Amino acid sequence: MSDEYYLELSENPVQFENASSVNNVFFDEANKQVFAVRSGGATGVVVKGPDDKSSVAFRMDDKGEVKCIKFSLGNKILAVQRTTKSVDFMNFIPDYPHLEFSHECKTKNANILGFCWTNWNEIVFVTDQGIEFYQVLPDKRTLKLLKSQSINVNWYMYCPETAVLLLSTTVQGNVLQPFAFKSATVSKMSKFEIELPAVPKPAKLSLSERDIAVATIYDQLYVMYLKHHSRSTNSPGAEVVLYHLPREGTCRKTHVLKLNTTGKFALNVVDNLVVVHHQSSQTSLIYDIKLRELDGALNVHQPVLPARSINPYKIHLTGPAAAPSQAPVPCELYSSSWSVFQPDIIISASEGYLWYLQVKLQPTLNLLQDKGKLMDFLLRRRDCKMVILSVCSQMLTGGDKGNLSVVATVFDKLNQVYKEYLDAEQAYTAAMESGPSRSSTSYKRPVRTQAVIDQSDMYTHVLSDFTEKKGVKHKFIIAVLMEYIRSLNQFQIPVQHYLYELVIKTLVQHNLFYMLHQFLQYHVLSDSKPLACLLLSLESTYPPAHQLSLDMLKRLSTANDEIVEVLLSKQQVLGALRFIRSVGAHDNVSARKFLDAARQTNDTMLFYTIFRFFEQRNMRLRGNPGFNQGEHCEEHVAYFKQVFGENALMKQATA
Amino acid sequence: MLMISPRMASGMQEKQYTPSLLSFFIYNPKFGPREGEEEKKILFYHPIEIEKNEKIRNVGLCEAIVQFTRTFSPTNPAKSLHTQKNRQFFHEAEENYWMVMVVRNPMVEKPNKDGKPPTVEYQEEEIIDSVYGSVLQQCYCMYKLFNGTFSRAFEAGGVELLTQKLEKFFYRYLQTLHLQSCDLLDVFGGISFFPLDKMTYLKIQSFVNRVEESLSLVKYTAFLYNDQLIWSGLEQDDMRILYKYLTTSLFPRHSEPELAGRDSPLRPEVAGNLLHYGRFLTGPANLKDPDAKFRFPRIFVNTEDSYEELHLIVYKVRERVNVMDLNREFCEQLDSLVGPQLTLLASDICEQFNINRRISGPEKEPQFKFIYFNHMNLAEKSTIHMRKTASVSLTSVHPDLMKILGDINCDFARVNEDEEIIVKAMTDYWVVGKKSDQRELYVILNQKNANLIEVNEEVKRLCATQFNNIFFLD
């Protein structure tokens, strides 16, 4: 059962002092910091960041109840909101005055709903009447207004990753106005309306911030709306509606995630998956908006996997109350004290824990039967490599022998991604080589994600083990290897030699030489010198391999020396000589090599012919039939004289 | 059965007779070793009408010749016997099982004046041993393909079963022997491969593998297009004879009616002529027919070791599958699985076929014709032969030239070395034979005034254009 949980809480949570009557806890989504404020700060503020190094502790005067507290980016300036009219600031830059300074919102009668840092020194006040964008001047301990905008605001939401601020406007609150911030500028994006399940009469605020979340999924910004089940519409359960919010252009409703149940939900985004937690059933569902279910402008999605709980989690009790030997206690999952933040944060304020939600891919192997769909799903995940490889292994050697068409589908999906990467890499290299003079656009080196499963991965982790496996029919092994080669070819990816070697090894092992012959005949195994040599080595068991090898060397057209060697080793001295002459390289070959080979045949006439050939060559090249010192042919000249007599030597032409 | 097809030769009154089958018999000396039991040796004798004593005499003669020649060459006894009127071919197909074929030499009948009986001139030298020797061996291979070995039949049911099988098979098979049109290609017994690009080939591989996986009854698959082989799961020797059967017997029988353009060289398949659904060439003609018989011919392969008995299913668009055991359900499954996919593949291949044709350029009569054969993979290519049909294989050159080719081949067979032979034929043709390693190439050039050097250059050019991707010594 334990390998059925596909969601888990991070191993090392951020721990902080749990919320109590004397200790207020705040969370800043931008810096992912937890603030534990004791007694309004007078007895200390402890800030814990995502890693241990970024924790900060300090003290501040208790000037009233803290409503909101956040560091600017890089922990440079601290902003604290205690009233609805003003925000207080404290410098954390070394050598700057540590004294607090305060800033009141500009708009009269406006109440500050909150604030967001958009940079280390830029801050937005969100009031019920609009936004005020300031630059903080820490040395002067003042704020400079950069821009303000009047608009009625019910509530706001900020996405730190994209620096987009979302304001809820109108009476019903369902018209959302996004603003994008970028170094001292603010741009108003086009507003959009969330479709409410029912329009209340009289009009009243109907869209709660609890039902809205903003997150980036596959590098695109989405506004997620948790649309609760309503009796008036006939929908069987609640849904999550995704609105795509592009940088430019209008926001459109693009995806609907069917929850098929009702109740209390919370949303996270992990590894580009939308995770929907359902409190009453204590389970979560995951959705991948790229897994297509239906065509059409609007994609309706069902959960990728069956609902499962988050992996049970145990807490090691610490502190003075806990004995060191005490067993860890199970943590209550889906507790009502949990707060969920985007993209992947779950905080239990009452217990003092901050976890990152994580997706475990291994269990998906058994939960998703459709291997093609599973591959689509896995290829888009971050740490997918080993899981993908184990899917492949399982598919080939597991009890459920995947049928070949499934194998083919999986290979094609893998190679599609592999090919895209290779192309990007190639385009990058080409752009780099053409030099910076031409391209004004700066090319970024393509990132190799884990989804790129290349031939060596496949070979090392899947295919070589698979071919060694006992009890697998060799027919199936060969079919699988051919299927992989077919897929690579289909995507025009050059096949690596070791795959061919594997094919040949397997065929030879099972005496399937005729099959091998046919593959070579149709050039399924591409020509290469190593392959030709491998074939030569098979000659003793399968004589036609000799011919196949020679043909291959010939086609390579860069292997003339090898051809000569092969022929000489077969004592086909004349053939070797004729070949080297036909390619026009006979002026450069070593005479000694040929004479050696001719001597070994014990065929004196052959020796005579070869000897005479080289005498003639010498004559043509140097006007003298004799051999040069460097050619080391003295021994052969002596032999020639001994057999045929001195007079048989070619005479130097005399004028 | 006499097959005499008179052919008009040079003189108006002369009658030319082509070689024909005189008799064909199979015997085993061990079956009647004692005197008076000679008849028991004879397992099959054609023609059947021959009187018993003559049969015994003929068999005895063959036995004696083989025995006699064995004293000179124990491992390699006589293969043929030349006489003025006929030629006899001996083949020990299995241990002690001898097959003998007697072919009457071709002859010319010259009429004499004044009502005298015509003079008959036998052309003893026209017949090439290797050609008819191969035909005889083919007879055995074909028998074995459909019936298994002689000895297995004998073990299973004694002489009675064996003779039954022999009679059943050879009675029909001998009628399909067309001795007058046998030539070099019979010696080679080659396979014509369909040229195909790697990707399409891999797709076919993938298709074949899937079929074999989902239909576990399918043991081996061979894939053919346009009478040319693309893939064989069977071993080479089995494929060789099966290919012979498919291309010279089964396919022509099924396509004879649609054969119109017989005279254009090498199977010009019309591109649009593809069937868009499959059908069975063996077994049920129509699956929908409730009375359809699901009987497929049995074939025997790998007789050397595993001795497998299979059923032969030939399924067209352009494909064939071999299986173990069958019923209606299986056929329907096969039909539904293979049919649609195959139609798709066929269009891929067809495209390739058209590309090949375009590359080969406009179909003008080339200066040369050739036969190529590779002993290693049995690949064979001929621009001399027309489409093979059930009845005859037509050649586009004069029989004299074919005879020269056969002679050159015999010369090549004698030695192991690479060699080249150039012959100037009587009729202004040049004939060139080349042997390089295991490959043989025969070229017929029609260049009246060419000299030896020019012919040599021409052949070199041909090799460079047609065979540039193989290692062929010049």
Self-check item: Positive dipole terminus of the protein assembly as shown, leading residue within A:VAL524, B:LEU217, A:ALA19 (C-beta point charges)
Solution: A:ALA19
Quiz prompt | Residues A:SER281, B:SER134, sorted so that the one with the fewest Cβ neighbours within 10 Å comes first | solution = A:SER281, B:SER134
Quiz item: If R0 is 56 Å, what FRET efficiency do you get for B:PHE72 and A:ASP383 from their C-beta distance, rounded to 0.05?
Solution: 0.10
Quiz item: In whole Å, how far is the Cα centre of region A:85-105 from that of region A:341-356?
Solution: 29 Å
Quiz item: Among A:LEU285, B:GLN466, A:GLN177, which residue has its Cα positioned farthest towards the positive end of the charge dipole of the protein assembly as shown, with +1 placed on the Cβ of Lys and Arg, -1 on the Cβ of Asp and Glu, and the dipole taken about the Cα centre?
Solution: A:GLN177
Practice problem: Work out Dmax and Rg for region A:371-517 from the C-alpha atoms and quote the Rg first, both in angstrom. | Solution: 17.5, 60
Quiz item: In 20 Å bins starting at 0, how do the alpha-carbon pair distances of chain A split up by percent?
Solution: 14, 33, 25, 14, 11, 3, 0
Quiz prompt | Summed residue charge, Cβ within 13 Å of A:LEU538's Cβ, Lys/Arg positive, Asp/Glu negative | solution = -1
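Assigning unit charges at the beta carbon (Lys, Arg +1; Asp, Glu -1) and nothing else, what dipole magnitude in debye, to the nearest 20, does chain A show about its Cα centre? Could you put the intermediate results ahead of the total?
Numbers: 69 positive and 64 negative charges, 221 e Å.
Using only the charged Cβ atoms, the result is roughly 1060 debye.
Excluding B:MET101 itself, what net charge comes from residues whose Cβ is under 12 Å from its Cβ, given Lys and Arg +1 and Asp and Glu -1?
+2
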Practice problem: In whole Hz, with x marking every Gly and Pro, tabulate ³J(HN,Hα) for region A:490-499 from phi via Karplus 6.51 cos²θ - 1.76 cosθ + 1.60, θ = phi - 60°. | Solution: 4, 9, 6, 9, x, 7, 6, 4, 5, 6
Practice problem: State the answer as a single residue: which of A:PHE611, A:LEU621, A:HIS632 lies farthest towards the positive end of the charge dipole of region A:544-655, with beta carbon charges of +1 for Lys and Arg and -1 for Asp and Glu, about the Cα centre. | Solution: A:LEU621
Quiz prompt | Charge dipole magnitude, Cβ of K and R +1, D and E -1 - region A:512-655, Cα centre, debye nearest 20 | solution = 380 debye
Quiz item: Pulled fully out, how much extra length does the chain show between A:SER187 and A:ASN109, if you take 0.36 nm times their separation in residues and subtract their Cα-Cα distance?
Solution: 25.6 nm
Quiz item: Roughly how many nanometres apart are two label points built 7 Å out from the Cα toward the Cβ at A:THR429 and A:SER456?
Solution: 1.4 nm
Quiz item: What is the dipole size for the protein assembly as shown, taken about its Cα centre, with +1 at each Lys and Arg Cβ and -1 at each Asp and Glu Cβ, in debye to the nearest 20?
Solution: 2440 debye
Practice problem: Please report the orientation-averaged projected area of region A:350-392, defined via the convex hull of its C-alpha atoms, in nm². | Solution: 4.0 nm²
Quiz prompt | Between region B:92-117 and region B:446-474, the Cα center-to-center distance that results, in Å | solution = 39 Å
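Which pairs break 26 Å Cα to Cα here: B:LYS403/B:LYS448; B:LYS244/B:LYS403; A:LYS76/A:LYS147; B:LYS165/B:LYS381; B:LYS244/B:LYS424?
Values: B:LYS403/B:LYS448 20 Å; B:LYS244/B:LYS403 22 Å; A:LYS76/A:LYS147 22 Å; B:LYS165/B:LYS381 35 Å; B:LYS244/B:LYS424 33 Å.
Those over the limit are B:LYS165/B:LYS381; B:LYS244/B:LYS424.
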Quiz item: Got the relative contact order for chain A handy, in percent, Cα pairs under 8 Å and 6 or more residues apart?
Solution: 7 percent
Self-check item: Ranking of B:LEU401, A:LEU621 by count of other Cβ atoms within 10 Å, fewest first
Solution: A:LEU621, B:LEU401
Practice problem: Determine by what factor the alpha-carbon radius of gyration of region A:1-141 differs from 2.2 N^0.38 Å, reporting the quotient. | Solution: 1.16
Quiz item: What's the exposure ranking of A:PHE181, A:PHE58, A:PHE192, going from fewest to most Cβ atoms within 10 Å?
Solution: A:PHE58, A:PHE192, A:PHE181
Exercise. For A:LYS290, go through the lysines and keep the ones whose alpha-carbon is under 27 Å away, minus same-chain ones fewer than eight residues off.
Key: A:LYS191, A:LYS227, A:LYS253, A:LYS258, A:LYS264, A:LYS360, A:LYS371, A:LYS373, A:LYS385, A:LYS413, A:LYS419, A:LYS444
Practice problem: Just need the Rg to Rh number for region A:126-260, please, alpha carbons only, Kirkwood Rh. | Solution: 1.03
Quiz item: Between A:THR250 and A:SER21, 0.36 nm times their residue separation minus their Cα-Cα distance comes to what?
Solution: 77.9 nm
Quiz item: Tell me, what HN-Hα J-couplings in whole Hz come from the Karplus equation 6.51 cos²θ - 1.76 cosθ + 1.60 at θ = phi - 60° for each residue of region A:543-550, using x for Gly and Pro?
Solution: x, x, 4, 4, 5, 4, 5, 4
Self-check item: Two-decimal log10 I(q)/I(0) for the protein assembly as shown, as the Debye equation yields it once each C-alpha is a single scatterer, q = 0.09 Å⁻¹
Solution: -1.14
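Work out, step by step, the length gained on full extension between A:GLU631 and A:PHE58: first 0.36 nm times the residue separation, then minus their alpha carbon distance; give nm to one decimal.
Values: separation 573, 0.36 × 573 = 206.28 nm, distance 8.84 nm.
Contour length minus Cα-Cα distance gives 197.4 nm.
None of the figures in this text is laboratory data; all of them are computed from the coordinates on show. Here the structure is a predicted model, which is why all the values come from computation and not from measurement. We place every Cβ from the backbone using ideal geometry, glycine too, and count neighbours over all the protein chains shown.
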